[in-house]
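First up is the structure itself, then whatever we jot down about it.
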Amino acid sequence: MRLFEQTRLFGPFLGICLFLSGMPEQGAAMSKPETRPVISLSCKVTAPEGERLCQALLQALSKEAPKAVIRRVETAPQDVEGALISLRAEAKSRDQINGRLSWTLAPGAEGNGAEVRFDVMDDAKLSAKVYDGFARGLIVASPELQQALRAAGVN
């Protein structure tokens, strides 16, 4: 009878020990949320519907770097900590816009893209309709940026 009582007491004790031994692993796994890198986007655009161009670039960058969070910043580029992509664009006429990207993704990963000139033809005017293509053209004209994004592991 005593052997039965000892087994009956030992069984629940063993079960509690096994249960508690599994909890730290489960808790540790839950406490490691995956953090996505943040890239700040600064826009200085003097063109019709310039805000729409910034939104088009934000969307194009989100496709280029899907593992990153792209956020707009209104502050001066020198005041931003961490990764930063800046756009400078200016309408030269009612049917032409020029722009360039510059970036700092990490120490030593800085650069400037080529200046992109975008002309609208057939008596059209610059508008939000053409900015998606211009934003994509800015990224395509900056292969060093694409390479830096790959090196940062955000695409």
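Just so you know, all these numbers are worked out from the coordinates, no wet-lab data involved. Bear in mind that the values here come from a model prediction, so they are computed numbers and not experimental data. Neighbour counts run over all protein chains shown; Cβ positions are idealised from the backbone, glycine included.
Descriptive notes on the structure:
- Here Leu105 does not qualify as in contact (Cβ under 8 Å) with a residue 12 or more places away in the chain, in a strand (DSSP E or B), of a type outside the set (Asp, Glu) and touching a Gly at 6+ places or on another chain (Cβ under 8 Å).
- Residue selected from region 122-155 under the condition touching a residue at least 60 places away in the same chain (Cβ under 8 Å) and over 22 Å from Gly50 (Cα atoms), by the criterion surrounded by the fewest Cβ atoms within 10 Å (Cβ to Cβ): Gly153
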